[in-house]
Amino acid sequence: MVFRSSNLTPFRDRLAGNLSGGMKQKLGLACALIHTPKVLLLDEPTGGVDPVSRRDLWRILYDLLREGVTIFASTAYLDEAERCSRIGLIHKGKLMITGEPREVRRMLHFPMIEILTPAGRQARAVAAGLPGVRSVTAYGDRLHVGLDAADAADAVVAAMAGGGIEITGKRSILPSLEDAFIALLARPEGSAKEGE
């Protein structure tokens, strides 16, 4: 099954060392599946892989799930973790929280605003030092600002404007899994418990 969906057939005459990173990952997955395992352990299966190969690898993994294979995968890409049926967030070797992705997001839910600004670094520095701000993550010209309370949003925007930072847009958003993980790391040591 995986051999057909891996798109490796056109490369059957090429040495493994001459394959692209994505093709090497698919070949490694195909080799691991030769003995038809019931459980598959993958360590960052899409690391260093182009977007097309990443999509292909996830399609293969979904096919394996439908065939009854249990898959454990580690990944630093939290958008990929959203695809999993159950996740555990680990930091410095410590399991911090577990559950279905939407449960984890719900457990760690907090108000968040997205601010559009061409001065991302400066805006991030201002927001990070404000009371009521629990996390700040920059994504290009967007800042995701996690708040202790929704009413802190106006104070954040006012502080940036007062600091001469141009703001081209602002809206309330739901935190992504990555936003929730970053906010979880910002909590005092020992305050993160499963199911809180």
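Every read-out reported here was derived from the displayed coordinates using simple, explicitly stated rules and does not represent laboratory data. Just so you know, these numbers come straight off a predicted model, no measurement behind them. Every residue, glycine among them, receives a Cβ derived from its backbone with ideal geometry; neighbour counts consider all protein chains shown.
Miscellaneous remarks
- Residues of the range 110-141 falling in the label zone of L174, defined by backbone nitrogen less than 12 Å from a point 7 Å along Cα to beta-carbon, are 110.
- Phi-based couplings in Hz for the range 86-100 (Karplus 6.51, -1.76, 1.60; Gly and Pro marked x): 8, 10, x, 8, 10, 9, 6, x, 10, 6, 8, 6, 9, x, 5
- With 32 Å as the limit on Cα-Cα distance, the pairs of K26/K92; K94/K170; K24/K92; K24/K170 that go past it are K94/K170; K24/K170.
- Amide H contacts of I173 (H built 1.01 Å from N, in plane; Pro and chain starts excluded): M112, I113, E114 sit under 5 Å, all sequence-distant by 5 or more or on other chains.
- Whole-angstrom gap from the range 104-137 to the range 25-39, using each part's C-alpha centre: 41
- Per residue Cα convex hull volume in Å³ - calculated over the chain: 151
- The ranking of M23, M160 by Cβ neighbour count inside 10 Å, starting from the fewest, reads M23, M160.
- MRE, 222 nm, helices only [DSSP H, n ≥ 4, -39500 (n - 2.57), over the chain, to nearest 500]: -10500 deg cm²/dmol
- Computed FRET value (nearest 0.05) for D151 with A125, which takes r as the C-beta separation and R₀ as 30 Å: 0.85
- Reduced Cα scattering model of the range 1-113, Debye log10 I(q)/I(0), q = 0.15 Å⁻¹: -0.72
- Sorted by Cβ neighbour density within 10 Å, fewest at the top, the residues F11, F72, F181: F72, F11, F181
- Label sites at H91 and A138, each approximated as a point 7 angstrom past Cα along Cα to Cβ, lie 2.0 nm apart.
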